[in-house]
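Before any comments, here is the structure.
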Amino acid sequence: MADLTTDFLGIKSPNPFWLASAPPTDKAYNVERAFEAGWGGVVWKTLGSEGPPVVNVNGPRYGAIFGPDRRLMGLNNIELITDRSLEINLQEMTEVKKRWPDRAIIASIMVPCEEQAWKDILPRVEETGVDGIELNFGCPHGMSERGMGAAVGQVPEYIQMVTEWCKKYYSKPVIVKLTPNITDVRYPARAAKAGGADAVSLINTINSIVEVDLDNFAPVPTIDGKGSHGGYCGPAVKPIAMNMVAEIARDPETAGLPISGIGGISTWKDAAEFISLGCGNVQVCTAAMTYGFKIVQEMISGLSEWMDQKGYDSIDDFVGRAAPNVTDWKYLNLNYVTKAKIDQDLCIKCGRCHIACEDTSHQAITDLVDGARKFEVIDEECVGCNLCVNVCPVDSCITMEQISGVDPRTQKEIDPNYANWTTHPNNPSAVTEPAE
């Protein structure tokens, strides 16, 4: 049986599934229920400075995007950091860590961008005995207007500066949580590394308005007739998160920097994909809020079964396996030619492939053959775009098959050798030798 134990920055946990800093980790009661359900670790909901706690709205805090079956695809969250006192949070963290020494507990922190503020809070966090800290440089609403959260995470110089303060006043691992609300995530990741960060975590939530109530013309969630932008999370953000993880994993300046993956992880497969792109563990929020803490049991069993099938003994066996296969478009092989193929035994003759191709693509699929309703690929027109595969409701009915010899569409011999845009004759900047 596969061993799901992880050692992330020297922090051991029985599995790679951690709860992200969010409402599910706001207090000891929640965290201990999570541990009882099987979660390997938690990032405690973000702590603020000592003094009057932040004030949350006393009304709706979430907007939502649903799929056709009302499956929750995304949440827009306007909740702020913990509104419980620093003293109570620190006390509970101390107690929970003593009761659950085998689980990872990370303290998320957000205080003003002043050295004294960090110098004051870090020793108190260290006294709790938790395993490390996560610097919340990503919150896009409420706190950013106060010069914290994303307001720091969008300025690489600030990231480096605060990270250096934390490494100066704290002896355990420092994780920097990055905002996706930036043009190029590599720059804040580089700044975190330059500041001495032990790891980065990403992504935090994305600036969003998910709905406008057309009765009162206000964003949802609505508070007394008004709404605000919030942080978008859930399955819908997964593609954005994976791209940013991959960018950091393959950037020469940050390659090898440990990553904790966050963003729309709802299943074991999602987790495996993040890990394959270079993450040492994953953090989950929206899935737990949607289905409850016991969803982790399906994640654990699913990941374990897949690893057994693939012959992976530990998480380390496939961490980063996909990262080398992420490349820039200009390096894709232009001599790799495919055509769609429809399995007539599986085809239910719904016609979606034909309509999609006929109306919006390359008119490469028939709807009639010899006067009868039949869908076949016209190789002479097919560019291999695979739109038909993605609109077909039957799994594996349409596949993409690589071809060799003469391409029926171009009537040219297919060169079996690798070649990319950097060497293509249409490229005015073409080089002589291709680079893989």
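So how many residues does the stretch 260-312 have that are among the polar types (S, T, N, Q), part of a strand (DSSP E or B) and within 17 Å of ALA236 (Cα to Cα)? Looking only at that region, the number is 1.
Can you say whether GLU32 is within 16 Å of ASN89 (Cα to Cα), touching a helix residue (DSSP H, G or I) at 6+ places or on another chain (Cβ under 9 Å), among the acidic types (Asp, Glu) and modelled with pLDDT under 90, as far as the supplied structure shows? The answer is no for GLU32. Taking first residues from the stretch 311-322 that are on the phi < 0 side of the Ramachandran plot and charged (D, E, K, R) and partners that are part of a strand (DSSP E or B) and surrounded by 18 or more Cβ atoms within 10 Å (Cβ to Cβ), the Cβ contacts under 9 Å between residues at least 6 apart in sequence or on separate chains come to ASP316/THR6; ASP316/GLY280.
Within the stretch 337-380, the set of residues being part of a loop (DSSP other than H, G, I, E, B), in contact (Cβ under 8 Å) with a residue 40 or more places away in the chain and touching a Pro at 6+ places or on another chain (Cβ under 8 Å) comprises ILE348, CYS350, ASP379.
Restricting the first member to the stretch 381-409 and to residues that are at pLDDT below 95, and the second to residues that are among the β-branched types (Val, Ile, Thr) and outside any loop (DSSP other than H, G, I, E, B), no beta-carbon pair is closer than 8 Å while six or more apart or on different chains.
Looking at VAL42, VAL57, just one residue is touching a Pro at 6+ places or on another chain (Cβ under 9 Å), in a strand (DSSP E or B) and on the phi < 0 side of the Ramachandran plot, and that residue is VAL42.
Take GLU114 and decide whether it is more than 30 Å from LEU75 (Cα to Cα), at pLDDT below 95, assigned by TED's automatic domain parsing to the domain that holds ILE78 and out of contact with any helix residue (DSSP H, G or I) (no Cβ under 8 Å at 6 or more places or on another chain). Against the criterion (more than 30 Å from LEU75 (Cα to Cα), at pLDDT below 95, assigned by TED's automatic domain parsing to the domain that holds ILE78 and out of contact with any helix residue (DSSP H, G or I) (no Cβ under 8 Å at 6 or more places or on another chain)), GLU114 qualifies. Exactly one residue out of PRO24, PRO68 is over 25 Å from LEU122 (Cβ atoms) and not polar (S, T, N, Q), and it is PRO68.
Take the stretch 195-217 and flag every residue that is small (Gly, Ala, Ser) and either modelled with pLDDT under 95 or surrounded by 17 or more Cβ atoms within 10 Å (Cβ to Cβ) (or both).
In the first step, residues of the stretch 195-217 are kept if they are small (Gly, Ala, Ser); the result is 195-197, 199, 201, 208.
Within the stretch 195-217, GLY195, ALA197, ALA199, SER201, SER208 meet the criteria.
Across the stretch 70-107, what is the number of residues that are under 23 Å from the mean Cα position of the chain (by Cα), assigned to a loop (DSSP other than H, G, I, E, B) and modelled with pLDDT of 90 or more? Number satisfying all stated conditions: 3.
Quick one: would you say GLN297 is out of contact with any His (no Cβ under 7 Å at 6 or more places or on another chain), under 30 Å from ILE65 (Cβ atoms), touching a residue at least 12 places away in the same chain (Cβ under 8 Å) and surrounded by 23 or more Cβ atoms within 10 Å (Cβ to Cβ)? Even if it seems obvious, please write down each step before you answer.
On the way: out of contact with any His (no Cβ under 7 Å at 6 or more places or on another chain): yes; under 30 Å from ILE65 (Cβ atoms): yes; touching a residue at least 12 places away in the same chain (Cβ under 8 Å): yes; surrounded by 23 or more Cβ atoms within 10 Å (Cβ to Cβ): no.
For GLN297, the condition - out of contact with any His (no Cβ under 7 Å at 6 or more places or on another chain), under 30 Å from ILE65 (Cβ atoms), touching a residue at least 12 places away in the same chain (Cβ under 8 Å) and surrounded by 23 or more Cβ atoms within 10 Å (Cβ to Cβ) - is not met.
Only residues that are without any contact (Cβ under 8 Å) to a residue 24 or more places away in the chain and under 15 Å from SER260 (Cβ atoms) were counted across the stretch 167-197, and they come to 0.
Against the list (1) of a type outside the set (Phe, Trp, Tyr); (2) surrounded by fewer than 24 Cβ atoms within 10 Å (Cβ to Cβ); (3) outside any strand (DSSP E or B); (4) modelled with pLDDT of 95 or more, the condition ALA255 fails is (4).
Can you tell which of ALA322, ALA356 is at pLDDT 95 or above, buried (at least 18 other Cβ atoms within 10 Å of the Cβ) and touching a helix residue (DSSP H, G or I) at 6+ places or on another chain (Cβ under 8 Å)? Let's see the steps before the verdict.
On the way: ALA356 fails: buried (at least 18 other Cβ atoms within 10 Å of the Cβ).
On inspection, the qualifying residue turns out to be ALA322.
Remark: pairs (first residue in the stretch 226-252, at positive phi and surrounded by fewer than 23 Cβ atoms within 10 Å (Cβ to Cβ); second residue at pLDDT 95 or above and in a helix (DSSP H, G or I); Cβ separation under 7 Å; 6+ apart in sequence or on different chains) are absent.
The values are calculated or read from the model by the stated rules, or taken from the named source; none is laboratory data. From a predicted model like this one, the values you see are computed outputs, not experimental measurements. Note: ideal-geometry Cβ built from the backbone for every residue, glycine included; neighbour counts use all protein chains shown.
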